[in-house]
1. Count, please, the residues in segment 315-338 that happen to be buried (at least 24 other Cβ atoms within 10 Å of the Cβ) and either under 17 Å from residue 142 (Cβ atoms) or more than 14 Å from the ligand (Cβ to nearest atom) (or both).
2. Of all residues in segment 84-125 being within 30 Å of residue 69 (Cβ to Cβ) and free of Cβ contacts under 8 Å to residues at least 24 places away in the same chain, which is farthest from the ligand (Cβ to nearest atom)?
3. For segment 215-249, enumerate the residues that are touching a strand residue (DSSP E or B) at 6+ places or on another chain (Cβ under 8 Å), closer than 22 Å to residue 73 by Cβ and assigned to a loop (DSSP other than H, G, I, E, B).
4. Any idea which of (1) buried (at least 21 other Cβ atoms within 10 Å of the Cβ); (2) away from the ligand (no atom under 16 Å from the Cβ); (3) assigned to a loop (DSSP other than H, G, I, E, B) is the one residue 211 doesn't satisfy?
5. Just a yes or no: is a residue in segment 153-172 in contact with a strand residue (DSSP E or B) (Cβ under 7 Å, 6 or more places away or on another chain) and without any contact (Cβ under 8 Å) to a residue 24 or more places away in the chain?
6. Report yes if residue 12 is more than 16 Å from the ligand (Cβ to nearest atom) and assigned to a loop (DSSP other than H, G, I, E, B), otherwise no.
Ligand code: GLN
């Protein structure tokens with residue numbers, strides 16, 4: 001249909017997300033998909049049964065705006081047990097319709113026109129556009145290859161009186177790095193006696209490798225008091241398509257965020273919330289996740305050992321970065337296209353995670369796939 005009006009775009013430079021673009025190309029070329037951080041294996045049948053039962057038992061109407069009570073209670077218990085901070089389920093915990101919704105609701109509730117928001121690049125692709133939608137300015141601080149550690153002096157230099165928020169993400173998508181105690185100390189020092197809010201994307205909170213602990217903002221009282229933590233059931237229970245996550249924040253912040261959440265989605269899906277509440281009663285259902293994904297990381301690394309790629313360390317998340325610059329000068333996006341067409345394996349070019357298109361000749365591999373896919377994907381990458 002021809003449109004009667006041409007809208008003035010709020011995001012003129014934004015196209016379709018890289019995950020959708022690569023996913024479509026992968027399907028067209030029948031390529032194995034090591035691109036999106038989405039599992040290709042089934043969730044626990046007990047979870048599916050819980051949700052089916054919830055539907056049969058009549059849990060099919062609106063949940064409370066903040067989320068099903070039993071689920072918020074279970075989240076309060078889990079967070080206190082793992083990270084030592086008690087969040088009040090009635091005022092400080094909200095169930096959301098995906099972590100993406102939580103990011104949008106938090107940023108739009110707390111960031112005003114003219115504000116500045118510091119975040120780290122490479123980064124997940126939604127942060128900067130959401131900030132811009134508020135009439136605010138995203139201020140990227142670069143994580144430099146190959147270690148991708150935060151340069152806290154650069155953060156200090158980027159801070160101004162307009163800095164309203166710092167977005168952190170640990171374990172980090174796409175670099176697979178995690179925050180250390182030292183990072184926490186720097187963040188605490190830099191935000192002390194400011195009114196900066198920390199938006200902490202912790203969707204991979206249970207996917208931290210080699211016995212290292214996840215540095216949740218909820219472990220650190222001073223940071224917790226200024227933080228909005230966003231997490232995901234999709235990532236933790238292999239159901240990214242269900243679109244359910246949760247947020248933790250002090251009540252004064254959460255009050256404002258709920259005002260947006262109630263008008264964006266009102267409430268997250270009810271039967272899924274009932275199912276997750278039952279699963280959280282068995283901590284083994286998510287505490288085994290680190291070992292589960294560490295095995296997948298190690299399998300992929302082992303199978304790629306004979307390839308020409310230089311694998312960068314993966315400390316957590318579903319991802320591993322692989323360098324190819326030493327054997328090809330191609331742009332990473334061209335290289336990825338060639339992999340899809342010729343090797344029939346789909347990955348993500350790291351440049352897609354930078355607003356300035358920085359290209360260090362690195363691709364992102366997702367190992368949230370069944371073992372057969374990882375072995376076959378690696379075999380195809382070894383032929384490059
Ligand atoms: N978080 C996942 C990734 O980075 C999927 C994101 C998406 O498809 N929107 O791959």
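1. Within segment 315-338, residues that are buried (at least 24 other Cβ atoms within 10 Å of the Cβ) and either under 17 Å from residue 142 (Cβ atoms) or more than 14 Å from the ligand (Cβ to nearest atom) (or both) number 2.
2. Here the residue is 86.
3. Listed by number, the residues that qualify are 216, 244, 249.
4. Result: residue 211 passes all but (1).
5. Scanning segment 153-172, I find at least one residue that is in contact with a strand residue (DSSP E or B) (Cβ under 7 Å, 6 or more places away or on another chain) and without any contact (Cβ under 8 Å) to a residue 24 or more places away in the chain, so the answer is yes.
6. Judged against the criteria, residue 12 is a match.
Here, each number is a calculation from the coordinates, and none is a lab measurement. Computed from a prediction, not measured in an experiment: that's the story for all the values here. Note: ideal-geometry Cβ built from the backbone for every residue, glycine included; neighbour counts use all protein chains shown.
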